[in-house]
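Below is one structure, written out as structure tokens, with a few remarks after it.
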Amino acid sequence: ARQQGGNQYSFFTPSLQEAAQQKLQLTRELRAAVAGQQFCLHFQPIVELGTGRVCKAEALVRWQHPERGLVGPGEFIALAEENRLIGEIGDWVFKEAARWTLRWRETYCPQFQVSVNKSPAQFGRTQNHAAGWIAHLRQLGLPGRAVALEITEGLLLNATPAIGDCLRSYREAGMQVAIDDFGTGYSSLSYLKNLELDYLKIDRSFTSNLAPGASELALCEAIVVMAHKLGLKVVAEGIETAQQRDLLVAMGCDYGQGYLFSRPLAPEAFEHTLMSTHHR
Ligand code: C2E
Ligand code: CA
Ligand code: CA
Ligand code: CA
């Protein structure tokens, strides 16, 4: 647009400035949010496809913005990563998720497991930071098994020895590890043999295009077969239709998550779901 003339150039520049200003403003607000604990968690049920039971959920963070209402993670996680605020937000998410998990294991579902997202920016590249979260679980009297960590393929692609040590420490403490958005990263499959993992989460981009004859169907089937041969369970995310669910059940996919079953819910509403599926 620049070489088309001075007019467009001068038209373009303020909007760039505006965008930078907005980002600065948002960063300032995010700092205040971290200090003022303006976050909350929603829980999306993870359904055991064979039985329809709910014994797991993914914890998803939201920002309760004083003026703009509930803001989704898509609008602030990347910014938090850039500004090193993700560590503090992630610690809060972990503790809050553990707190509810303790309650739900004691009330409705002794096996309940929460999934927590941990982005690459939350891993030290040279230091193993696993001890803090492990100690927190011990303090609450929760077994490691009560938590699964969702990590992305990108983390493993650039894994340093410290990252490998960190994941091993978590697993030694009993925590489980899931590969999130499986199939969308660089998919060097070699990490599957080098690392001990527990779940593959099939990305929504595959699930949402599942239909008889679609290449996504062949890919999902191949992922399920491979995962099971490696001793991993499979979670399909983004299930929105009964047809998608039925195709996944038919191929032996273990767990499902998506709007067909439930949107992410405030803790009280999720608790209601747990109560009704466990006291039938
Ligand atoms: P994700 O880990 O892939 O989480 C799944 C996202 O898909 C969630 O969006 C969820 O609400 C949405 N979703 C679930 N079922 C369906 C469905 O059937 N259809 C459609 N269209 N969408 C569905 P959400 O809550 O906006 O989170 C977006 C991303 O933000 C997450 O993607 C995750 O990468 C990140 N995130 C969320 N919470 C945290 C957190 O506590 N820490 C970190 N590091 N990242 C987080
Ligand atoms: Ca996730
Ligand atoms: Ca995902
Ligand atoms: Ca995703």
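The values are calculated or read from the model by the stated rules, or taken from the named source; none is laboratory data. All values derive from a computational prediction rather than experimental measurement. Note that each Cβ is placed from the backbone with ideal geometry, even for glycine, and that neighbours are counted across all protein chains shown. What goes into the accessible areas is simple: the full protein's heavy atoms, side chains included, and nothing from ligands, DNA or RNA. Shrake-Rupley method; radii C 1.70, N 1.55, O 1.52, S 1.80 Å.
Taken over region 104-119, the residue count meeting the criterion of being in contact (Cβ under 8 Å) with a residue 60 or more places away in the chain, assigned to a loop (DSSP other than H, G, I, E, B) and open to solvent by 30 Å² or more (accessible area, probe 1.4 Å) is 1.
Summed over region 76-89, the residues that are without any contact (Cβ under 8 Å) to a residue 40 or more places away in the chain, within 16 Å of the chain's Cα centre (by Cα) and more than 16 Å from ligand 3 (Cβ to nearest atom) give a count of 2.
Can you say whether Phe261 is part of a loop (DSSP other than H, G, I, E, B), surrounded by 13 or more Cβ atoms within 10 Å (Cβ to Cβ), of a type in the set (Phe, Trp, Tyr) and within 16 Å of ligand 2 (Cβ to nearest atom), as far as the supplied structure shows? Answer is yes for this residue. Of the residues in region 163-177, at least one is assigned to a loop (DSSP other than H, G, I, E, B) and on the phi > 0 side of the Ramachandran plot. Could you tell me which residue of region 199-238 is farthest from ligand 1 (Cβ to nearest atom), considering only residues that are farther than 23 Å from Leu260 by Cα and surrounded by fewer than 17 Cβ atoms within 10 Å (Cβ to Cβ)? Checking each candidate, the answer is Lys229. The residues on offer are Thr101, Thr184, and the sole one that is of a type in the set (Val, Ile, Thr), under 23 Å from Gly256 (Cα atoms), within 16 Å of ligand 1 (Cβ to nearest atom) and in a helix (DSSP H, G or I) is Thr101.
From the list Ala59, Ala131, which residue is of a type outside the set (Val, Ile, Thr) and within 16 Å of ligand 3 (Cβ to nearest atom)? If you could, list the steps in order and put the result at the bottom.
Details: Ala131 fails: within 16 Å of ligand 3 (Cβ to nearest atom).
That would be Ala59, the only listed residue that is of a type outside the set (Val, Ile, Thr) and within 16 Å of ligand 3 (Cβ to nearest atom).
Scanning region 226-250 for residues that are among the charged types (D, E, K, R) and under 27 Å from Ile151 (Cβ atoms) gives Lys229, Lys233, Glu237, Glu240, Arg245.
Exactly one residue out of Leu149, Leu156 is open to solvent by 10 Å² or more (accessible area, probe 1.4 Å) and either in a helix (DSSP H, G or I) or under 22 Å from Glu48 (Cα atoms) (or both), and it is Leu156. Residues that are exposed (fewer than 11 other Cβ atoms within 10 Å of the Cβ) and either within 16 Å of ligand 4 (Cβ to nearest atom) or at pLDDT 95 or above (or both) occur in region 74-91; there is at least one. Scanning region 13-61 for residues being within 16 Å of ligand 2 (Cβ to nearest atom) and touching a helix residue (DSSP H, G or I) at 6+ places or on another chain (Cβ under 7 Å) gives a total of 7. All conditions in (1) hydrophobic (A, V, I, L, M, F, W, C); (2) within 16 Å of ligand 2 (Cβ to nearest atom); (3) surrounded by fewer than 15 Cβ atoms within 10 Å (Cβ to Cβ) hold for Leu189, with the sole exception of (2). The residue that is farthest from Asp203 (Cα to Cα), among those in region 239-258 that are of a type in the set (Val, Ile, Thr) and open to solvent by less than 60 Å² (accessible area, probe 1.4 Å), is Thr241. Go over the candidates Arg99, Arg138, Arg125 one by one and state the one that is surrounded by fewer than 19 Cβ atoms within 10 Å (Cβ to Cβ) and under 26 Å from Glu237 (Cα atoms). On inspection, the qualifying residue turns out to be Arg99.
Counting only residues that are open to solvent by less than 20 Å² (accessible area, probe 1.4 Å) and either within 16 Å of ligand 3 (Cβ to nearest atom) or among the small types (Gly, Ala, Ser) (or both), region 159-171 holds 2 of them.
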